[in-house]
Amino acid sequence: MRALVIVHDHLSTAGHIGERLAERGFELDELLVVPAERYTTPDVEVAFPAAEDYGLILTLGAPWSVARRNAWIEAELALLRSAHEAGIPVLGICFGGQALATALGGDIEVAPRFELGWSRLTTDAPDLVGAGPWFQFHGDRWLLPPGAREVARNEFASQAFVCGRSWGVQFHPELTPEVLQAWFDEDGTAIAAEVGVDPERLVAELQADLPAVRERARVLVDAFLDQVMDRAPEEGPNDGTQSHMSA
């Protein structure tokens with residue numbers, strides 16, 4: 001089965017998530033949205049493929065905000081909306097989760113603080129998403145779309161939601177030390193200074209904890225494929241409830 005992987009910037013990869021999807025039999029087609037030479041001017045033209053060409057869509061993080069709503073962000077929202085309506089499973093990570101929430105009728109807003117570093121979650125569905133720790137790198141947060149079920153949160157943001165066969169997570173289960181270092185080298189060091197964290201320490205911690213990080217990502221992908229993706233397309237959240245958490 002083919003999976004479309006939307007990679008928004010040249011520094012990021014599908015990492016542990018892509019690795020596990022490949023192990024589970026998916027052929028990954030990567031689409032780079034903003035090439036390296038347009039990183040600081042990301043309002044590019046992008047032709048997204050049809051959702052129906054794929055059995056799964058994975059959309060990753062990005063250094064920009066969904067609130068930018070430029071042409072390619074609007075096109076991606078339309079793609080995610082059409083995938084969801086067609087029953088094609090979508091997994092959105094960080095920016096991708098915020099884009100998914102927005103595409104399905106939710107919204108985004110600035111979070112009460114920029115989250116950078118490790119975070120443990122309160123989870124209502126540990127079989128879907130464990131308490132972590134998970135790595136955070138975001139300044140926005142989503143407001144849930146109608147019909148979505150929030151399944152995890154921390155004090156600053158909703159951290160995971162399920163809506164039919166679509167699933168958004170706010171944290172970065174895919175993250176490798178090499179990618180995190182690249183983010184810091186590009187423009188993340190200034191953010192780290194603003195929030196008072198040490199980039200070298202965070203990269204070292206990610207490296208030291210790599211086996212556990214990889215295993216948490218594998219478990220998360222398996223939960224997505226075996227529980228969320230396996231739902232009938234018309235089936236909604238487990239209990240039909242919805243939450244609009246505001247921290």
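Taking all C-alpha pairs of the stretch 93-232, those more than 18 Å from each other amount to 55 percent. Rounded, prolate or oblate: which fits the chain, taking a ≥ b ≥ c as square roots of the Cα gyration tensor eigenvalues, rounded meaning a/c under 1.5, else prolate when a/b beats b/c? Rounded is the answer for the chain, as its axis ratio a/c remains below 1.5.
The candidates 73, 191, arranged from most to least accessible area with a 1.4 Å probe in the full protein assembly, appear as 191, 73.
Rounded to the nearest 500, the helix-only mean residue ellipticity at 222 nm of the chain stands at -8500 deg cm²/dmol, with each DSSP H run of n ≥ 4 adding -39,500 (n - 2.57).
The H on the amide N of residue 111, modeled in the peptide plane, is under 5 Å from the matching H of 140, 141, each at least 5 residues off or on a different chain.
Within the full protein context, the accessible area of residue 10 is estimated at about 70 Å² for a probe radius of 1.4 Å.
With the cut-off at 1.5 for a/c, could you classify the stretch 26-152 from its C-alpha gyration tensor as rounded, prolate or oblate? Taking the square roots of the gyration eigenvalues as a ≥ b ≥ c, the stretch 26-152 is oblate. For the chain, the solvent-accessible area works out to 40 Å² per residue, with a probe of 1.4 Å and every protein chain left in place. Applying 1/(1 + (r/R0)^6) with R0 = 35 Å to the Cβ-Cβ distance of residue 53 and residue 185 gives a FRET efficiency near 0.50. Gain on full extension, evaluated as 0.36 nm per residue between residue 127 and residue 208 minus their Cα-Cα distance, stands at 26.6 nm. Taking the centroid of alpha carbons for each part, the stretch 167-215 and the stretch 45-83 are 24 Å apart. The portion of the accessible surface of the chain made up by carbon and sulfur, rounded to a whole percent, is 49 (1.4 Å probe; DNA, RNA and ligands excluded). GNM, the chain, Cα, under 10 Å: largest mean-square fluctuation among 69, 216, 153? Result: 69 has the largest fluctuation of those listed.
Largest GNM mean-square fluctuation among 174, 194, 76, using the chain with Cα springs under 10 Å: 194.
Largest accessible area first, the residues 59, 123, 41 order themselves as 41, 123, 59 under a 1.4 Å probe with ligands, DNA and RNA left out. For the stretch 5-83, a/c is not less than 1.5, where a ≥ b ≥ c are the root eigenvalues of the C-alpha gyration tensor, and a/b does not top b/c. That puts it in the oblate class. When all protein chains stay in place and ligands, DNA and RNA are ignored, the 1.4 Å accessible-area order of 129, 203, largest first, is 203, 129.
The values are calculated or read from the model by the stated rules, or taken from the named source; none is laboratory data. These figures come from a predicted structure and were not determined experimentally. When we count neighbours, we look across all protein chains shown, and the Cβ atoms used for this are built from the backbone with ideal geometry, even at glycine. Just so you know, the surface numbers come from the protein's heavy atoms only, side chains and all, with ligands and any DNA or RNA stripped out. Shrake-Rupley method; radii C 1.70, N 1.55, O 1.52, S 1.80 Å.
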